[in-house]
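Input: a single structure, listed below in structure tokens.
The values are calculated or read from the model by the stated rules, or taken from the named source; none is laboratory data. Bear in mind the structure is a predicted one, so any value in this text is a computation, not a measurement. With ideal geometry, Cβ positions are generated from the backbone for all residues, glycine too; neighbour counts draw on all protein chains shown. Heads up: the accessible areas ignore ligands, DNA and RNA and are worked out on the full protein's heavy atoms, side chains in. Shrake-Rupley method; radii C 1.70, N 1.55, O 1.52, S 1.80 Å.
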Number of protein chains: 2
Amino acid sequence: VAEAAASRSRRVPSPALTAIVLAGGSGTRFWPLSRRHRPKQFLALEGERTLLQSTVDRLSPLIAAPDLWISTTVDLAAEALRQLPEVPAEQTALEPAGRNTAPAIGWAVRSLPAERRRGVVVVLPADHRVADPPAFRRALEAAIEAVRAEDLVVTLGVVPRWAETGYGYLKLGAELGGHRGVELRRVSRFVEKPDRKAAQRYHRSGAYLWNAGIFVFRGATLLRHLKRLEPALAQGIEAMAREPGRVGELYPGLPSISIDHAVMERLRRIGTVPLDCGWSDLGSWAALSEVLPHDPAGNATMGDGIAVDAERNLIFSDPASAGPTAVLGVRDLVVVRTADAVLVAPKARSQEVRRLLAELESRGRRDVL
Amino acid sequence: VAEAAASRSRRVPSPALTAIVLAGGSGTRFWPLSRRHRPKQFLALEGERTLLQSTVDRLSPLIAAPDLWISTTVDLAAEALRQLPEVPAEQTALEPAGRNTAPAIGWAVRSLPAERRRGVVVVLPADHRVADPPAFRRALEAAIEAVRAEDLVVTLGVVPRWAETGYGYLKLGAELGGHRGVELRRVSRFVEKPDRKAAQRYHRSGAYLWNAGIFVFRGATLLRHLKRLEPALAQGIEAMAREPGRVGELYPGLPSISIDHAVMERLRRIGTVPLDCGWSDLGSWAALSEVLPHDPAGNATMGDGIAVDAERNLIFSDPASAGPTAVLGVRDLVVVRTADAVLVAPKARSQEVRRLLAELESRGRRDVL
């Protein structure tokens, strides 16, 4: 292990570049495909590769396995490593239990070897979709160059394609320059999820980006901001770094706060690179159906599905389930089938699947949660 | 076998009473639960007993296994006998392939032992539902007594509970008397499935009954009518009776005609006993959902199903499929799940399931038909 660490430290380029993939989430929005022990990042929603694998595939030409760290929970680590055989098990930052993004990111950055902490770190969720990976990498590269040049914190902000009410927004400020023809702007304000009218205004104005939760910074800079802005959290993280045997005991005591609230929204100066790459956070079955290929009647089908005189449905049939999933004469539904469950809901209400899970839980059906 | 036949013929009461259960149908309306080799009569739609078994259960206090004959196809006979272990294998009348009701009934009646042909025969479909079996038996008993008394053909006609357009109707004629307080009326006319307005008129008038396809007659009388009204069919049946080895060759050449068109509608004098017993022919998933118990929101659930904020759906989950079938926020749907298929359709269109089957056939999916 010492030797491996030495060899790793030898080949770290100067300046170091590291990506931390956040794979500790526990969403239930893709029930019945997602379960407690099989959250969204582990699902193959569009074919063979899981969202986690696609996230790593997308980074690889720019940041490959030797420079990739996985932040996840103790429970989910084995599956994450199984899906990413190219990533060494040492390159994981483990949370004893899922907290929020500030503890996860702070702890993952602090867990990096010192020379990587001094270098540039990219932090990104493991469960997003990108239609155009080269465009994604161009924006990411520009953000990395900006951080190298100016020691700024930079976030990638998605150019809105509609008036979404489910995302937070970044309000664009002054130009900060740019790199290789990619714009770099100051973020003048972080905006919480807006109502319909505000979202329409933001979309029309061209002055807002979607907050995608993708950040680039020098590791040491992030830790310095954390120490200044959230000293209790920073102290907890330092205590764990000093006594790794006490992580299981200390981690659950860390403040549960998002990286946005803890740091990003409170920075005087933060940059953003506009990202126009067919990004989606795939927040629901309906969001997935938007990005899948459609038949002429607007039905998106994954797996063994058949639609007759039906329009704009998502038919998702897990390969583990035998035989066809057939819809006749219905519209705008989500029909999902796994080996051990079926879900039928209107697309417009597919984000309410947690109500169903609450009902299943109340009936003692943890076997299917 | 000769001894068994002799013992059977010894214990036939005089006058003999025989029921022929028509179990050769090949409907596809309950796909995906029904399949080519598992038609509706073999399904347990309401619990443990299949429709065929329930038909026999319902008759038993009046006509039990020793007096029961099963008319079915060569392909379906094994399953029919498996479901009815109390019925001896000799008591089957086999069709080499399904034709129509006139050949099936004519051949089954002709196949009965001679003393049973001279007696009273009840013919009834194996795939109907009756909510009130004692009421059914009272009407049937009255019909049997009428046939014994007058050598009439008598049909049981269902008192309409709504303006159904999916059934044929019987127009009531003069009183013919009655037995034990049950009315016996002449049928003045057989009426094809009406349009909506006519159905409403029939329903309001009180002068019409639904044609349920349940008939009572002396076997010899039916064969005599058949000889007079459909001589080609009657000759074919006699040829098969003379040369049982040629049934496979001759049967497919019989005219494919319903017993209504061949005989019943052409009889000068035919009686009917009104039947008010919660009868349904269960012609579709929607018809089934009408008769199943409902939750307060009108959802009928069979098997492992769960409905949240959903109204008037049928959720039918075959015990062979694992885990829950969950609906959220939908209305008036049929959601059916078996181990190897799922169907989602509006209740109002559940009778169009054959369109889906045509599409599956055209895609080469006979594995699920």
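In segment B:113-223, counting only helices (runs of 4 or more DSSP H) that sit wholly within it, the ones holding 2 or more residues that are farther than 30 Å from residue B:66 by Cβ span B:196-205.
Of all residues in segment A:1-23, those that are at pLDDT below 95, buried (at least 16 other Cβ atoms within 10 Å of the Cβ) and not hydrophobic (A, V, I, L, M, F, W, C) total 1. The residue that is nearest to residue A:296 (Cα to Cα), counting only those in segment A:340-365 that are in contact (Cβ under 8 Å) with a residue 12 or more places away in the chain and more than 7 Å from every other protein chain (Cβ to nearest Cβ), is A:347. Candidates are the residues of segment B:307-327 that are open to solvent by less than 10 Å² (accessible area, probe 1.4 Å) and in contact with an Asp or Glu (Cβ under 6 Å, 6 or more places away or on another chain); the one that is nearest to the other protein chains (Cβ to nearest Cβ) is B:324. Here residue A:199 meets each of (1) without any contact (Cβ under 8 Å) to a residue 12 or more places away in the chain; (2) open to solvent by less than 60 Å² (accessible area, probe 1.4 Å) with one exception, condition (1).
Of the residues B:298, B:245, B:206, B:283, which is more than 22 Å from the chain's Cα centre (by Cα) and open to solvent by less than 20 Å² (accessible area, probe 1.4 Å)?
Of the residues listed, the single one that is more than 22 Å from the chain's Cα centre (by Cα) and open to solvent by less than 20 Å² (accessible area, probe 1.4 Å) is B:298.
Just one of the listed residues (B:260, B:318) is in contact with a Phe, Trp or Tyr (Cβ under 7 Å, 6 or more places away or on another chain), under 23 Å from residue B:126 (Cα atoms) and either modelled with pLDDT of 95 or more or not hydroxyl-bearing (Ser, Thr, Tyr) (or both), and it is B:260.
For residue B:184, are the conditions met, namely being open to solvent by less than 30 Å² (accessible area, probe 1.4 Å), of a type in the set (A, V, I, L, M) and at pLDDT below 95? The answer is yes for residue B:184. Give segment A:328-339 a look and list any residue that's more than 7 Å from every other protein chain (Cβ to nearest Cβ), surrounded by fewer than 24 Cβ atoms within 10 Å (Cβ to Cβ) and part of a strand (DSSP E or B), or say none. Within segment A:328-339, A:331, A:338 meet the criteria. The criterion of at least 2 residues that are free of Cβ contacts under 8 Å to residues at least 60 places away in the same chain is met, among helices (runs of 4 or more DSSP H) falling completely within segment B:227-316, by B:231-242, B:247-250, B:285-291.
Annotation note: of B:117, B:148, the sole residue that is open to solvent by 10 Å² or more (accessible area, probe 1.4 Å), more than 26 Å from residue B:242 (Cα to Cα) and either in contact (Cβ under 8 Å) with a residue 12 or more places away in the chain or among the small types (Gly, Ala, Ser) (or both) is B:148. Taken together, the residues in segment A:86-112 that are open to solvent by 40 Å² or more (accessible area, probe 1.4 Å) and outside any loop (DSSP other than H, G, I, E, B) amount to 6.
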